[in-house]
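One structure is given below, encoded as structure tokens.
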């Protein structure tokens with residue numbers, strides 16, 4: 001039995017779950033999400049507890065069991081609390097600003113880079129060097145944060161670039177140079 005798959009999901013107050021066949025729709029105070037659950041997984045709602053069961057012990061069903069439960073748990077968390085990722089910009093003269101819905105980055109290129117948020121996401125800037133990506137869909141928040149980081153990933157020698165908050169960048173040593181006195 002899957003350790004993740006067999007754990008029940010508690011549905012908080014204010015969140016409603018509608019199950020029709022393989023489709024699950026979750027509504028909450030932050031918005032609504034719908035998704036088609038993979039495989040023939042059986043989703044049951046009893047009171048305020050959501051459970052996922054698999055029809056057999058086949059390899060395919062065992063693989064989808066934990067996945068289906070994680071997707072449902074992320075949907076419930078997203079519509080009730082939301083998700084957020086923070087990025088940091090490190091480098092002299094590197095900065096970000098918000099113009100309308102767009103994010104404008106000045107990160108060492110000869111031009112500015114404009115980033116449009118994915119639908120349902122909000123981008124915000126704190127100070128000059130912190131970017132927050134927030135939304136109700138965990139996959140979209142992670143994808144948008146990865147796209148922003150990919151514009152200028154951290155440099156291996158000086159550490160300049162865009163990184164996740166709390167990300168540790170291991171710096172390589174530079175050239176040792178010639179030995180003097182030989």
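Any read-out appearing in this document is the output of simple, stated calculations on the displayed coordinates, not a laboratory observation. None of the values given here were measured: they were computed from a predicted structure. When we count neighbours, we look across all protein chains shown, and the Cβ atoms used for this are built from the backbone with ideal geometry, even at glycine.
Can you work out the FRET efficiency for the pair residue 49 and residue 157, with r the C-beta to C-beta distance and R0 = 45 Å, to the nearest 0.05? Could you put the intermediate results ahead of the total?
Working: r = 52 Å, r/R0 = 1.16.
The calculated FRET efficiency here is 0.30.
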(request) Mind giving me the nanometre distance, one decimal, between the label points for residue 98 and residue 34, set 7 Å out from Cα along Cα→Cβ? (result) 3.0 nm
(request) Report the label-to-label distance for residue 84 and residue 27 in nanometres (one decimal), using points 7 Å from each Cα along the Cα→Cβ vector. (result) 2.7 nm
(request) Sticking to Cα atoms, compute the Rg of the chain to one decimal and its Dmax as the biggest Cα-Cα distance, whole number, in Å. (result) 22.1, 81
(request) Quick one, can you get me the convex hull of the C-alpha atoms of region 83-164 expressed as volume per residue in Å³? (result) 80 Å³
(request) Provide the packing ranking of 22-35, 76-89, i.e. peptides ordered by the mean count of other C-beta atoms within 10 Å per residue, highest first. (result) 76-89, 22-35
(request) Assuming R0 = 41 Å, can you tell me the calculated FRET efficiency for the pair residue 169 and residue 42, based on Cβ-Cβ distance, to the nearest 0.05? (result) 0.40
(message) Can you give me the distance in nm between label points at residue 63 and residue 118, each placed 7 Å from the Cα along the Cα-to-Cβ direction?
(response) 2.3 nm
(request) Grab the DSSP H runs of the chain that are 4 residues or longer, score each as -39,500 (n - 2.57), total them, divide by all residues and round the 222 nm result to the nearest 500 deg cm²/dmol. (result) -6500 deg cm²/dmol
